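This report concerns only the one structure given below.
The values are calculated or read from the model by the stated rules, or taken from the named source; none is laboratory data. Everything numeric here is computed off the predicted structure, so don't read it as measured data. Reconstructed Cβ throughout: ideal geometry from the backbone, glycine too, with neighbour counts over all protein chains shown.
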């Protein structure tokens, strides 16, 4: 196997080309809808057209028994229920098929089975439902208390959880302030929108006495846990497989009603069933994301030194909580990361997680951080402008200096290593900031306005037991697992509990085993995403798989190495302490024996084993980082924009990232993750939005009205690396999968603010559409006239 | 049902198709040609791009019944195509693949750009890819991989 940078190594630090590529480039990837099972019937759902309604009756057409199923027809299915220990948190039961009430447009009511999807949809369209339509609770800041429209009647309000995070003395900061800046921000509702939607194929394997569920999921093992609990069958009788998954980004790291319903149907029916989500179903029913409202007040001195930040954060979480973590993590993450990379001494965040008649909110690349970054980074810029200084200088002066690491933020986050101010300087260099300032003085011939903006953030990654326990989570993804098995010919199989869906973990995990064992990745297979072949693991989310699964691979590989050395030393007739494993062989003082020769002894010729050593080369290890509150990557993003004040159109002409994720296992893949994340962040900043009308109807349910960034809208993205290894992980790795998506909205909004500085307009809501830009300019102009 | 005759990946077929059967479902469900991916089923994302009479087309929007007397190529039928071979190589070396779902449609659109001489600059390639969405890569590496393949195909064309 060869490397992108021309190096020949295959271990840690090599830009090894991906082993996943060949099948995809040949059109031989295997996604759920590509799997063929004889006799498969197709599934379509009848979904609620109303945001909020009581169901008076459901009438299936005559003769449809056995082809149309409602909740009453599938009594095996219990409601989804998120268990939380968070004080005061409410957790509603969620029937996978609606019973008495529907609470968002798209909620499943009945499931239809037919030979083709078209016929199944015909069947769904022939079901008559008598609804009593109720008024919808749509606007979270208005409906969380005192609303007449209760989504879950027994609550008395529409609040999942209210929580205050504070440190220092915010009142004292207010009294000491020479400058006070207050702003409201909004990051609107959007979709994760992986290019492959969700999909489920379920059938009974009678020989193995199990139900097999193929699902496009990031978390096969925990989906099995949930299916066992909800369908009340032993987990030994459930196999969940996530084959090739066409992007996940968070939304596929949750349990969904469709997975439960298909598994239940497979148990009822005598044939496989398949549901392939179409794009409208995806935009209606797969987890939505963001939908944060902020009110932020910063207290500062005349130099722009921030003395305190007081904020209110409202998260519109939709109608139900997705299993396993519920609706609580967005507000929690936003409140705890809002102080960002700064030495803010006094802080208060009052957070409210609100139920509305909208699609449930779930995780998406960045989880809570993009909104928090938008709020604090816009605020830092406004503080700088209020004191008449450059935002870059004010940003750096407020940052935690490298010498203060490790540093516990005012919101209780323990930042481990890094030099945050250096990332700002590097990013400003990458964009040649003095050249932009000179260009601004000259002006543009076409009347457009140039602006440059920056945003910095820290990215909690690979967090484990301590972090999730502090949230009151009932399921704590604190470790990952690996079984490393050398076969009789010396080839190696790594079986891991995570799931790789674009991150290239089949490549990078083999690099780690290569580093430990000297076995070339071309002789290593990586198996993932299948409960049958791998030990329990939590899956791929929270920027955790490289650190946690990589750590488990390192440990299992070292256990194998020790055993190889013991057997090898016996074969070489030397002391095990003198033996070392390197380059695919065990070397003693006077000779060497290959791993293949040792593997043969361990399996086929046990007469060659040393006394007291068992046959097989098969080790299972778990791993959690030494610090389970997470290791923190960080970055500064910078954007240069051209804004047309006549049309409101924003052109992004340059974008740079200066980042530090510790030790990079595969720099080529790291850069791919950064660029992919940045473009998703640009989507949040400029294009992506699912608005709702006053009746709770979503207004973007196709790719024609839900806009995603395409190649033509984007500049190439520059990257500068810094390297501060983590002290608490194998090799100094940190997670980095999400960071790219965190800062672009803030950096771009700051750049637009810079471009419009002379006009005095600012846009504090994403996406920054031409209409919003024009409205902001008009608002300033009208205020000037008045 | 409508009777159609068509040539698929260089083999002739005669079939009866339902009026609402899409070309994508004809390929995927009847012929098990699963390189053609469905990302939106309304003609925006480009994952289902195939060649119809040599021109890129959305297999999700085209009805099978409209394929009478036409030549269709999916990625499976282009495995020996020299431009596709150059693209596979450059996509691999430049890390232009992540989850792989958009990849077959990207390859077919990229092949068309190169064949029509519309892959001469970064701006031209970016504009030419406006009908193909990728959610993973951020496009940078896809664009550079297409530029590289265009150069290598052009160089080969000159030497042969």
### Query
residue A:750 fails exactly one of the following numbered conditions: (1) in contact (Cβ under 8 Å) with a residue 40 or more places away in the chain; (2) surrounded by fewer than 22 Cβ atoms within 10 Å (Cβ to Cβ); (3) over 30 Å from residue B:46 (Cα atoms). What is the number of that condition?
(2)
### Query
Tell me, which strands (runs of 3 or more DSSP E) lie completely within segment A:255-372 with 3 or more residues that are more than 26 Å from residue A:138 (Cα to Cα)?
A:273-276, A:288-300, A:306-318
### Matching entry among A:625, A:725 (being away from chain B (no Cβ under 13 Å), crowded, with 24+ Cβ neighbours inside 10 Å and over 25 Å from residue A:192 (Cβ atoms))
A:625
### Filter pass, residue B:138 being more than 16 Å from residue A:28 (Cα to Cα), surrounded by 24 or more Cβ atoms within 10 Å (Cβ to Cβ) and either at pLDDT 95 or above or assigned by TED's automatic domain parsing to the domain that holds residue B:150 (or both)
yes
### Query
Which condition number does residue A:24 fail, the rest of (1) closer than 23 Å to residue A:259 by Cα; (2) buried (at least 22 other Cβ atoms within 10 Å of the Cβ) being met?
(1)
### Task
Go over the candidates A:490, A:551 one by one and state the one that is under 27 Å from residue A:324 (Cα atoms), at pLDDT 95 or above and either in the same structural domain as residue A:585 (by TED's automatic domain parsing) or not in a loop (DSSP other than H, G, I, E, B) (or both).
A:551
### Summary
Here the residues within segment A:126-157 that are surrounded by 12 or more Cβ atoms within 10 Å (Cβ to Cβ) and free of Cβ contacts under 8 Å to residues at least 24 places away in the same chain are A:142, A:145, A:147, A:150, A:157
### Message
Criterion first (touching a strand residue (DSSP E or B) at 6+ places or on another chain (Cβ under 7 Å) and either closer than 15 Å to residue B:100 by Cα or more than 8 Å from chain A (Cβ to nearest Cβ) (or both)) does residue B:138 satisfy it?
### Response
yes
## Note on the structure
Exactly one of A:412, A:453 is part of a loop (DSSP other than H, G, I, E, B) and outside the structural domain of residue A:543 (by TED's automatic domain parsing), and that residue is A:412
### Query
Quick one: which of B:108, B:72, B:84, B:11 is in the same structural domain as residue B:141 (by TED's automatic domain parsing) and under 29 Å from residue A:37 (Cα atoms)?
B:108
### Task
Look at residue A:510 and say whether it is at pLDDT 95 or above, outside any helix (DSSP H, G or I) and crowded, with 19+ Cβ neighbours inside 10 Å.
no
### Task
Go through segment A:468-487 residue by residue and tally those that are farther than 25 Å from residue A:509 by Cα and not in a helix (DSSP H, G or I).
5
### Summary
Scanning segment A:525-568 for residues that are surrounded by fewer than 24 Cβ atoms within 10 Å (Cβ to Cβ), without any contact (Cβ under 8 Å) to a residue 40 or more places away in the chain and in contact with a strand residue (DSSP E or B) (Cβ under 6 Å, 6 or more places away or on another chain) gives A:525, A:527, A:533, A:565
### Summary
Flagged in segment A:619-650 as under 30 Å from residue A:773 (Cα atoms) and assigned to a strand (DSSP E or B), in numbering order, are A:634, A:635, A:636, A:637, A:638, A:639, A:640, A:641, A:642, A:643, A:650
### Query
Among the residues of segment A:38-50, is any assigned to a loop (DSSP other than H, G, I, E, B), within 14 Å of chain B (Cβ to nearest Cβ) and touching a strand residue (DSSP E or B) at 6+ places or on another chain (Cβ under 7 Å)?
yes
### Query
Is it fair to say residue A:422 is in the same structural domain as residue A:641 (by TED's automatic domain parsing), in contact with a strand residue (DSSP E or B) (Cβ under 9 Å, 6 or more places away or on another chain), over 26 Å from residue A:308 (Cα atoms) and outside any strand (DSSP E or B)?
no
### Task
Filter segment A:694-705 down to residues that are in a loop (DSSP other than H, G, I, E, B) and more than 9 Å from every other protein chain (Cβ to nearest Cβ) and give me whichever is surrounded by the most Cβ atoms within 10 Å (Cβ to Cβ).
A:696
### Query
buried (at least 17 other Cβ atoms within 10 Å of the Cβ), within 14 Å of chain B (Cβ to nearest Cβ), in contact (Cβ under 8 Å) with a residue 40 or more places away in the chain and in a loop (DSSP other than H, G, I, E, B), is that true of residue A:14?
yes
### Query
Any residue in segment A:677-688 that is crowded, with 24+ Cβ neighbours inside 10 Å, in contact (Cβ under 8 Å) with a residue 40 or more places away in the chain and more than 30 Å from residue B:144 (Cβ to Cβ)?
no
### Task
Among what's in segment B:51-86 and is at the interface with chain A (Cβ under 8 Å from one of its Cβ atoms) and at pLDDT 95 or above, pick the residue that is surrounded by the most Cβ atoms within 10 Å (Cβ to Cβ).
B:75
#### Entry: Among (1) more than 14 Å from chain B (Cβ to nearest Cβ); (2) modelled with pLDDT of 95 or more; (3) surrounded by fewer than 20 Cβ atoms within 10 Å (Cβ to Cβ), the one test that residue A:30 misses
(1)
### Query
Tally time: how many residues in segment A:582-601 are in contact with a strand residue (DSSP E or B) (Cβ under 8 Å, 6 or more places away or on another chain) and not in a helix (DSSP H, G or I)?
7
### Query
Which of the residues belonging to segment B:114-135 are crowded, with 24+ Cβ neighbours inside 10 Å, more than 9 Å from every other protein chain (Cβ to nearest Cβ) and not in a loop (DSSP other than H, G, I, E, B)?
B:114
### Summary
For segment A:74-89, the count of residues that are crowded, with 18+ Cβ neighbours inside 10 Å, over 24 Å from the mean Cα position of the chain (by Cα) and farther than 14 Å from residue A:256 by Cα equals 1
### Summary
Of the residues in segment B:123-151, those that are more than 16 Å from the chain's Cα centre (by Cα) and under 17 Å from residue B:95 (Cβ atoms) come to B:135, B:136, B:137, B:138, B:139, B:140, B:141, B:144, B:147, B:148
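Matching residues to (1) modelled with pLDDT of 95 or more; (2) touching a helix residue (DSSP H, G or I) at 6+ places or on another chain (Cβ under 8 Å):
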{"position": "A:140", "(1), (2)": "no, no"}
{"position": "A:161", "(1), (2)": "yes, yes"}
{"position": "A:171", "(1), (2)": "yes, no"}
{"position": "A:192", "(1), (2)": "yes, yes"}
### Query
Quick check: is even one residue across segment A:632-643 at pLDDT below 95, under 34 Å from the mean Cα position of the chain (by Cα) and within 22 Å of residue A:512 (Cβ to Cβ)?
no
